[in-house]
Amino acid sequence: MTNHPDPREEIVQRRLVMVQLQTDLAYLQARLGLIGEPVTTNQEAQRRTFKLLHQTLGQQMIHTKRSASTN
């Protein structure tokens with residue numbers, strides 16, 4: 001007997017991942033908003049880091065949505 005994953009469990013897990021990604025994106029957007037126009041080198045580094053993380057999470061969200069639509 002093969003062990004097949006429960007499709008309902010996969011849907012729940014995918015939705016959980018999407019909610020986590022949305023939460024992380026909102027956090028990064030808030031941090032970017034708080035930094036505004038960087039004045040210090042540290043703020044500029046934070047801004048670049050948060051922008052990169054935001055972009056990466058956005059790409060991950062797109063990938064997760066695409067993989068959900070192909071299943």
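Every number here is computed from the coordinates shown, using simple stated rules; none is lab data. On a predicted model such as this, the values are computed, not experimentally measured, just so you know. Don't worry about glycine lacking a Cβ; one is built from the backbone with ideal geometry, like all the others, and counts go over all protein chains shown.
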With runs of 4+ DSSP H residues as the only contributors, calculate the mean residue ellipticity of the chain at 222 nm using -39,500 (n - 2.57) per run, divided by the residue total and rounded to the nearest 500.
-30000 deg cm²/dmol
Residues Ile35, Ile11, sorted so that the one with the fewest Cβ neighbours within 10 Å comes first:
Ile11, Ile35
Placing unit charges on C-beta atoms (Lys and Arg positive, Asp and Glu negative, everything else neutral), compute the dipole magnitude of the chain about its Cα centre in debye, rounded to 20.
140 debye
Virtual spin-label span in nm between Lys65 and Arg31, 7 Å along Cα→Cβ:
2.3 nm
Could you tell me the relative contact order of the chain? Use alpha-carbon pairs under 8 Å, at least six residues apart, and round to a whole percent.
39 percent
So what's the angle, to the nearest 10 degrees on a 0 to 90 scale, between helix 41-70 and the longest Cα principal axis of the chain?
20 degrees
